[in-house]
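Below is one structure, written out as structure tokens; comments come after it.
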Amino acid sequence: MSDSSHRLSALLVDDDAEIRILLVSYLEKFGIQCVAVEDGHVMRRELSQNSFDVILLDLMLPGENGMSLLRQLRAEHKTPVIMLTARDEFADKILGLELGADDYIIKPFDTRELVARIQSVLRRSAHSTANKTNTLTAFNTTRQNEIRFQRWKLHCLTRQLTSPANMVIPLSNAEFRLLKAFLDHPGRVLSRDQLLDFARGKSSDAFDRSIDLLVSRLRQKLEDDPRQPHLLKTIRGEGYMLNTNVI
């Protein structure tokens, strides 16, 4: 939905009519052209006819909820998605991160904060596109089918982790991406912001604890003692580091 001047465009999906009217009016003041729809059916119709720079997706929708729609969006579109919700459930944030949400904002929110998050997500999206030959491409490109470390094996094509006892350990999408990021950078300290990028999240306070939880889950699956971790070390004030050789 971009014109010749490349005006920013947003697709808002929210069943609350008052919120739709408020946000359309407010975003217009910041030069963001906003199309507001009430459900997933109309959302799909708009996406089939127009392209948008960002999608603002409410979690609690009648019929198909936001998580279900997010799954569909990630399967068919690369447009950045910011989840809007009145729920501050940590599990929802984790699920949103794993499904590929780019940011997450809790209602009620200051409209100025929403604009700032939209601008941040678009900057990061543009940066990733402009630098696709750098770190993120290296992360997403399978350098080999199998990566070995401390008798563990990560199979990149099937996204399966095999233990030293030859047991297959299931990984969520976010856990696979995070482990692959560590294996691509052994011995290097990775900040939470970097890990958020690798896990398909974006740099926002809402996701800081999500990375901590994902690392904790990886430690559990790798049988890495959380009290004295050997493989995934916490570097205080900096982030995390994979402490082993990779073959």
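The values are calculated or read from the model by the stated rules, or taken from the named source; none is laboratory data. From a predicted model like this one, the values you see are computed outputs, not experimental measurements. Neighbour counts are summed over all protein chains in view; Cβ atoms, including those assigned to glycine, are modelled from backbone coordinates with ideal geometry.
Residues of the range 76-91 that are modelled with pLDDT under 85 and not charged (D, E, K, R): T85, A86, F90, A91. Look at (1) closer than 17 Å to S9 by Cβ; (2) of a type in the set (D, E); (3) modelled with pLDDT of 90 or more and you find that D58 fails only one, number (1). Within this structure, Q160 fails the test of being of a type in the set (S, T, N, Q) and either modelled with pLDDT under 85 or closer than 18 Å to L213 by Cα (or both).
Among the residues of this structure, Q72 counts as one that is under 23 Å from the mean Cα position of the chain (by Cα) and either among the polar types (S, T, N, Q) or at positive phi (or both). Here are the criteria: (1) at pLDDT below 70; (2) over 30 Å from P164 (Cβ atoms); (3) exposed (fewer than 13 other Cβ atoms within 10 Å of the Cβ). Tell me which single one D110 does not satisfy. Answer for D110: the failing condition is (1). Every condition in (1) surrounded by 14 or more Cβ atoms within 10 Å (Cβ to Cβ); (2) modelled with pLDDT of 85 or more holds for D103 except the one numbered (2). Residues in the range 32-68 that are touching a residue at least 12 places away in the same chain (Cβ under 8 Å) and among the hydroxyl-bearing types (S, T, Y): S51, S68. Among the residues of the range 21-48, those that are closer than 16 Å to I105 by Cβ and in contact with a strand residue (DSSP E or B) (Cβ under 7 Å, 6 or more places away or on another chain) comprise L23, L27, I32, C34. In the condition set (1) closer than 20 Å to Y104 by Cα; (2) part of a loop (DSSP other than H, G, I, E, B), S51 is compliant with all but (1). Among the residues of the range 10-30, none qualifies, meaning not one is assigned by TED's automatic domain parsing to the domain that holds R123, closer than 17 Å to L99 by Cβ and of a type in the set (S, T, N, Q).
The test for being in contact (Cβ under 8 Å) with a residue 60 or more places away in the chain and surrounded by fewer than 17 Cβ atoms within 10 Å (Cβ to Cβ) does not hold for L27. When residues in the range 215-243 are screened for being out of contact with any helix residue (DSSP H, G or I) (no Cβ under 8 Å at 6 or more places or on another chain) and on the phi > 0 side of the Ramachandran plot, 2 of them pass.
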